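Worksheet for the structure shown next.
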Amino acid sequence: MKKIAILGSTGSIGTQSLEVIRSQPDMEATVLAAGSNVELLEKQIREFHPKLVCVYKEDAAKLLKQAVADLDVTIVSGMDGLIEAAAFPETQIVVTAVVGMIGIRPTIAAIKAGKDIALANKETLVTAGHLIIPMIKQYGVRLLPVDSEHSAIFQSLMGSSPEGSTGHKIDKILLTASGGPFRGWTKEQMKNIRPEDALKHPNWVMGRKITIDSSTMVNKGLEVMEAKWLFGVEYDQVQVVIQPQSVIHSMVQFEDGAIIAQLGTPDMKLPIQLALTYPDRRYLPGKRLDFAELGSISFFAPDFENFPGLALAYKVGKEGGNRPTIYNAANEFAVSRFLDHKLSYPGIIEAIEASLDHVGFVQNPNVDNILETEAAVYEFLQSALA
Ligand code: NDP
Ligand code: MG
């Protein structure tokens, strides 16, 4: 039996992870964690019978305890609870599907407890990749990407060093992007975008924060940094290619010029399931790609001018230190303000730029430095956007 912890079980990735577990008789959701969604957690507990459940918010944890008083399950809360959930002794693999930098400490706790990581929470790698990657090696665990592009790159590399080979060298990662709902728009046209407009992604149904990030291309920026850490390449080796149909999930170009890609319908259950069954593939029901129906796939260069969030990501990535943390924390803060109708759409990128101008540089930040940088960004933006 594969015993799995899902951090963020009530979210888009979390619920799809549970769908995968439901379909696989040899998998078990031993641990669940979420922020505050007691109603859905209760349903999940009654169906999956986890042993430990963390609800981050304490008052929500109290409500959940009452709701499942008839069951044999331990309910914990807060950061200590989330860390306990991540490091629960019985699990083999932890799906990190919480949204935002809150994922850093639990991910580290899981690695130190010897768990494999099915990584959806890209913010953790963006801000703490320089700490996480060496730790993965030190503790001898696997880091399996769930993000569809990174899973595609990972799949393109599966079997890339057959027996007897001296290794196949990556020349370039071709990271595909749909371009989001505002592809082809100018900055001027994007001035008055409302949350309702930006929450409509053409190809993927995802959580609210990542859907906004996809529309600004900040998501692709975060993914460029995620790719750098996951695959050990330089920023100049990661090239973004706009492919609006989301059929090619990403590609790898090797040193001889050969390009290997992974294609499929847009369904996150594939990368989630593969992360949970790796190195095996298993049957997954669902629509198959029909090339005759598809007709054509088109490609464009990214528009760095009208989507400055992408250019900024390369810049902060290369600058290193706590610069990616400033970028990410400012984006998290600004997106939540935008979703609350308290910040304009262009205000998101402006908040990132202003934070990069105001918050001091820290070389080689440890976890405390990263969390201090996040707090400094929040403090700065709270007064700047008051
Ligand atoms: P959602 O907003 O749908 O879900 C977020 C999850 O995190 C919820 O279960 C939420 O619980 C939980 N959560 C929030 N705050 C806390 C907290 N303080 N403690 C514990 N749990 C918390 O997000 P997504 O599923 O879309 O995204 C999750 C991660 O996966 C993100 O990092 C995203 O970038 C990444 N990702 C997502 C993809 C997608 O298709 N959705 C694709 C690729 C990557 P609650 O419901 O109680 O608030
Ligand atoms: Mg992605």
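Key figures for this structure:
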{"item": "Residue pairs meeting the criteria (Cβ under 7 Å; at least 6 apart or on separate chains; first more than 19 Å from I297 (Cβ to Cβ), in segment 152-178; second aliphatic (A, V, I, L, M) and open to solvent by 20 Å² or more (accessible area, probe 1.4 Å))", "result": "none"}
{"item": "Index of the failed condition, A275 passing every other in (1) open to solvent by 10 Å² or more (accessible area, probe 1.4 Å); (2) within 25 Å of L144 (Cα to Cα)", "result": "(1)"}
{"item": "Residues (in contact with a Ser or Thr (Cβ under 7 Å, 6 or more places away or on another chain) and of a type outside the set (S, T, N, Q)) located in segment 351-379", "result": "V359, V362, P365, I370, E374, V377"}
{"item": "Condition check for S151: touching a Gly at 6+ places or on another chain (Cβ under 7 Å), within 16 Å of ligand 2 (Cβ to nearest atom) and open to solvent by less than 10 Å² (accessible area, probe 1.4 Å)", "result": "no"}
{"item": "Residue count, segment 202-213 (criterion: within 9 Å of ligand 1 (Cβ to nearest atom) and not charged (D, E, K, R))", "result": "6"}
{"item": "Those residues of segment 219-234 which are more than 21 Å from L270 (Cα to Cα), surrounded by 17 or more Cβ atoms within 10 Å (Cβ to Cβ) and more than 12 Å from ligand 2 (Cβ to nearest atom), in sequence order", "result": "M225, K228, W229, V233"}
{"item": "Residue ID - nearest to ligand 1 (Cβ to nearest atom), chosen from residues in segment 22-44 that are of a type in the set (A, V, I, L, M) and within 18 Å of V98 (Cα to Cα)", "result": "A34"}
{"item": "Number of positions in segment 36-69 that are of a type outside the set (G, A, S) and in a helix (DSSP H, G or I)", "result": "18"}
{"item": "In segment 36-53, residue farthest from I104 (Cα to Cα) [restricted to those that are loosely packed, with under 15 Cβ neighbours inside 10 Å and of a type in the set (K, R)]", "result": "R46"}
{"item": "Qualifying residue in segment 174-192 (condition: at pLDDT 95 or above, touching a helix residue (DSSP H, G or I) at 6+ places or on another chain (Cβ under 8 Å), within 24 Å of G321 (Cα to Cα) and open to solvent by less than 50 Å² (accessible area, probe 1.4 Å))", "result": "yes"}
{"item": "Residue count, segment 3-13 (criterion: closer than 19 Å to A87 by Cα and within 16 Å of ligand 2 (Cβ to nearest atom))", "result": "1"}
{"item": "Members of segment 10-35 found to be among the small types (G, A, S) and either assigned to a helix (DSSP H, G or I) or surrounded by fewer than 16 Cβ atoms within 10 Å (Cβ to Cβ) (or both), listed by number", "result": "S12, G14, S17, S23"}
{"item": "Residue in segment 190-211 that is nearest to L343 (Cα to Cα), counting only those that are within 16 Å of ligand 2 (Cβ to nearest atom) and free of Cβ contacts under 8 Å to residues at least 60 places away in the same chain", "result": "T211"}
{"item": "Residue check, H201 surrounded by 13 or more Cβ atoms within 10 Å (Cβ to Cβ), at pLDDT 95 or above and either under 22 Å from K269 (Cα atoms) or among the hydrophobic types (A, V, I, L, M, F, W, C) (or both)", "result": "no"}
{"item": "Residues (over 21 Å from G100 (Cα atoms) and open to solvent by less than 20 Å² (accessible area, probe 1.4 Å)) located in segment 298-335", "result": "F307"}
{"item": "Close pairs (7 angstrom Cβ cut-off, 6 or more residues apart or separate chains): over 17 Å from L119 (Cβ atoms) in segment 1-26, within 9 Å of ligand 1 (Cβ to nearest atom) anywhere", "result": "T10/A34; T10/N37; T10/L40; T10/L41; L18/I6; L18/S9"}
{"item": "Residue in segment 88-104 that is open to solvent by 60 Å² or more (accessible area, probe 1.4 Å), under 26 Å from E372 (Cα atoms) and touching a residue at least 60 places away in the same chain (Cβ under 8 Å) present", "result": "yes"}
{"item": "Helices (runs of 4 or more DSSP H) wholly inside segment 242-356 that include at least 2 residues being of a type in the set (S, T, Y) and either at pLDDT 95 or above or not assigned by TED's automatic domain parsing to the domain that holds N219 (or both)", "result": "323-339"}
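The values are calculated or read from the model by the stated rules, or taken from the named source; none is laboratory data. Please read these numbers as outputs of a predicted model, since none were measured by experiment. Using ideal geometry, Cβ is built from the backbone for each residue, glycine included, and neighbour counts are taken over all protein chains shown. Please note that ligands, DNA and RNA were not included when accessible areas were found on the heavy atoms of the full protein model with its side chains. Shrake-Rupley method; radii C 1.70, N 1.55, O 1.52, S 1.80 Å.
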